[in-house]
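Notes follow once the structure below has been shown.
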Amino acid sequence: QVQLVESGGGMVQPGGSLRLSCAASGSFFSINTMGWYRQAPGEERELVAAITSGGSANYADSVKGRFTISRDNAKNTVYLQMNSLKPEDTAVYYCKLFTWGIQEYWGQGTQVTVSS
């Protein structure tokens, strides 16, 4: 059974920073992509950033230059450093581990609130 456990969410003022972590445990295919998605109330879930096990990353246009995704393959952990946070970044952030056509797992989500 694969588990993804997120941490690091919370409340921060505009312009502040947060760092999210997601640790994967269990048995899964080692060649994979880990990503962060977010869902605001009344909105569709959207990709924020993703990174392959080889280190290739991609970002949503709305977070480019502000967020940085990284991973530690030895720890099966992915991180999302979020800087210059804006109120529109407020959402539940979900971690996902997947390999196309083979596996897909989601974390339970962590709330990020950006408010003054």
Show the residue pairs that are 6+ apart or on different chains and have beta-carbon atoms under 8 Å apart, the first residue being within segment 79-98 and open to solvent by less than 10 Å² (accessible area, probe 1.4 Å), the second being acidic (Asp, Glu) and in a strand (DSSP E or B). 93/6; 95/6; 97/104
Mind listing just one residue for me: the one in segment 1-12 that is in a loop (DSSP other than H, G, I, E, B) and in contact with a Gly (Cβ under 9 Å, 6 or more places away or on another chain) and, of those, farthest from residue 89 (Cα to Cα)? 1
Of the numbered conditions (1) surrounded by 13 or more Cβ atoms within 10 Å (Cβ to Cβ); (2) out of contact with any Ser or Thr (no Cβ under 6 Å at 6 or more places or on another chain), residue 21 fails exactly one; give the number of that condition. (2)
Where the second residue is surrounded by 13 or more Cβ atoms within 10 Å (Cβ to Cβ) and hydrophobic (A, V, I, L, M, F, W, C) and the first is touching a residue at least 60 places away in the same chain (Cβ under 8 Å) and part of a loop (DSSP other than H, G, I, E, B) and lies in segment 101-113, which pairs have Cβ atoms under 6 Å and are six or more apart or on separate chains? 107/4; 107/22; 107/95; 109/92
Is it the case that some residue within segment 25-35 is assigned to a strand (DSSP E or B), modelled with pLDDT under 95, small (Gly, Ala, Ser) and surrounded by fewer than 19 Cβ atoms within 10 Å (Cβ to Cβ)? yes
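Just to be sure before I move on: is residue 15 outside any strand (DSSP E or B) and under 17 Å from residue 81 (Cβ atoms) in the structure I sent? Spell out how you get there, then give the answer.
Numbers: outside any strand (DSSP E or B): yes; under 17 Å from residue 81 (Cβ atoms): yes.
Yes.
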Within segment 1-16, can you find the residues that are open to solvent by less than 40 Å² (accessible area, probe 1.4 Å) and either aliphatic (A, V, I, L, M) or free of Cβ contacts under 8 Å to residues at least 24 places away in the same chain (or both)? 2, 4, 12
Go through (1) within 22 Å of residue 13 (Cβ to Cβ); (2) surrounded by 12 or more Cβ atoms within 10 Å (Cβ to Cβ); (3) free of Cβ contacts under 8 Å to residues at least 24 places away in the same chain one by one and return the number of the condition residue 48 breaks. (3)
As an exercise: evaluate residue 3 against (1) touching a Ser or Thr at 6+ places or on another chain (Cβ under 9 Å); (2) within 17 Å of residue 80 (Cβ to Cβ) and give the number of the one condition it does not meet. (2)
So, in segment 60-78, how many residues would count as being open to solvent by 60 Å² or more (accessible area, probe 1.4 Å) and in a strand (DSSP E or B)? 1
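The values are calculated or read from the model by the stated rules, or taken from the named source; none is laboratory data. Remember, it's a predicted structure, so these values are computed and weren't measured experimentally. When we count neighbours, we look across all protein chains shown, and the Cβ atoms used for this are built from the backbone with ideal geometry, even at glycine. The accessibility values were calculated without ligands, DNA or RNA, using every heavy atom of the protein model including side chains. Shrake-Rupley method; radii C 1.70, N 1.55, O 1.52, S 1.80 Å.
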